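The values are calculated or read from the model by the stated rules, or taken from the named source; none is laboratory data. Model, not experiment: these values are computed from the prediction. Here the Cβ positions follow ideal geometry from the backbone for every residue, glycine too, while neighbour counts run over all protein chains shown.
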Amino acid sequence: MNRLYSIFCAAVIGFCAVALAACSGSGTGDFNNAGGKPYEIILSVEHELWNGEAGDTLRSVLLEPVPMLNQVEPMFDVSRVNPGALKDVVLRHRNILIVGINSDLKEPESVARYNVYARPQIIVNITAPDSGSLVRYLSDNRRELQQLFEITERDRAVANNRKYGERGIAVEVRKMFDVGVNIPRGFSIRSRSGNDFMWIGNDVRTAIQGFVIYSYPYSGRGDFDRDRLIERRNEFMARIPGPSEGSFMSTENEYIQPEVAYVRINGRPWARMSGFWYVENDFMGGPFVNYSTVDEKSGRIVSMDCFVYSPKDPKRNMLHQLEHIVYTADFASLQSETEK
């Protein structure tokens, strides 16, 4: 049995140690029938715990609002069931969290298991000696628990994109930018210009998903300052026309300023900028997340911009789907791949 901390370290650099353990599942049955929607969790917990401080803490952890969305959406959609109801089709859900009390324990314990009753599936058990220690444990490890389910969902999406993605678009992206990406099914190329801009989109009912790739010469570390990233984003995203004459996309920077974090994805450093976009001279807007990195081979910055327009529908999953594309980015050239 391996400590779950080792899984955290493999997925995200800089996680702090957490007293969790993980083991592979060995369930039987149909391994292609995991139910539920992305970012949906079945929570098994007794009624008394759910209505007390432990329940308040669980709600605080799992229902924490996603930042930089222009409407309140929780990190996860949670459906609580009593432990006795955790059977049959419920056990085949993609994400299950089981929380309980065992007075024989000296300290809280946690175990994560994969593909026990269905595939893909994760089941996390958290057990504590009493309610007080359970609350402290959940509070101390809230971010690790959130990231475990986040990473699991992301890895599923990445694997699905690589297996079933739009290969024709991937070829076109590789030709223009010498970067490999896996685009989900249903997306299409909306426009391209020169050798430095491509807009890939997907319309879903009353919503629009946009994934834009653009590149420009790298001039120094200052290129990753917030103001410079905004300036470059506005320059390229203005190529996306608005719905009326003279309208174009821009970045909101007056009332709510974008936030920049520096992250590593598959070992590569990226600047991740999140905020809101709007259409100049019209009435449209929504959230965006922009990822920028240096391609050392070409000496250029490559930016991947994810934006959503959805005035009626929730935006969380649509934005996550776009961000997952970035996690498939491969900067190995075709020639290098051939030589391997």
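Structure above, values below:
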{"quantity": "Hits in the range 83-134 - residues which are part of a loop (DSSP other than H, G, I, E, B), free of Cβ contacts under 8 Å to residues at least 60 places away in the same chain and within 28 Å of residue 154 (Cα to Cα)", "calculated": "86, 87"}
{"quantity": "Test: residue in the range 170-182 that is of a type in the set (S, T, N, Q), in a helix (DSSP H, G or I) and either touching an Asp or Glu at 6+ places or on another chain (Cβ under 7 Å) or closer than 23 Å to residue 34 by Cβ (or both)", "calculated": "no"}
{"quantity": "Residue list for the range 83-116, filter: under 19 Å from residue 55 (Cα atoms), crowded, with 19+ Cβ neighbours inside 10 Å and under 27 Å from the mean Cα position of the chain (by Cα)", "calculated": "95, 96, 97, 99, 110"}
{"quantity": "Some residue of the range 160-167 being part of a helix (DSSP H, G or I) and under 15 Å from the mean Cα position of the chain (by Cα)", "calculated": "yes"}
{"quantity": "Members of the range 218-232 that are exposed (fewer than 15 other Cβ atoms within 10 Å of the Cβ) and either under 17 Å from residue 297 (Cα atoms) or not assigned by TED's automatic domain parsing to the domain that holds residue 316 (or both)", "calculated": "219, 220, 221"}
{"quantity": "Single match in 254, 235, 245 (criterion: out of contact with any helix residue (DSSP H, G or I) (no Cβ under 8 Å at 6 or more places or on another chain), without any contact (Cβ under 8 Å) to a residue 24 or more places away in the chain and under 15 Å from residue 303 (Cα atoms))", "calculated": "235"}
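Residue-wise test of (1) more than 22 Å from the chain's Cα centre (by Cα); (2) surrounded by fewer than 19 Cβ atoms within 10 Å (Cβ to Cβ); (3) under 29 Å from residue 99 (Cα atoms).
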{"position": "125", "(1), (2), (3)": "yes, yes, yes"}
{"position": "128", "(1), (2), (3)": "yes, no, yes"}
{"position": "133", "(1), (2), (3)": "yes, yes, yes"}
{"position": "145", "(1), (2), (3)": "no, no, yes"}
{"position": "190", "(1), (2), (3)": "yes, yes, no"}
{"position": "194", "(1), (2), (3)": "yes, yes, no"}
{"position": "208", "(1), (2), (3)": "no, yes, no"}
{"position": "211", "(1), (2), (3)": "no, no, no"}
{"position": "216", "(1), (2), (3)": "yes, yes, no"}
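Residues checked against (1) at pLDDT below 95; (2) under 17 Å from the mean Cα position of the chain (by Cα):
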site: 23; (1), (2): yes, no
site: 30; (1), (2): yes, no
site: 42; (1), (2): no, no
site: 45; (1), (2): no, no
site: 61; (1), (2): no, yes
site: 81; (1), (2): no, no
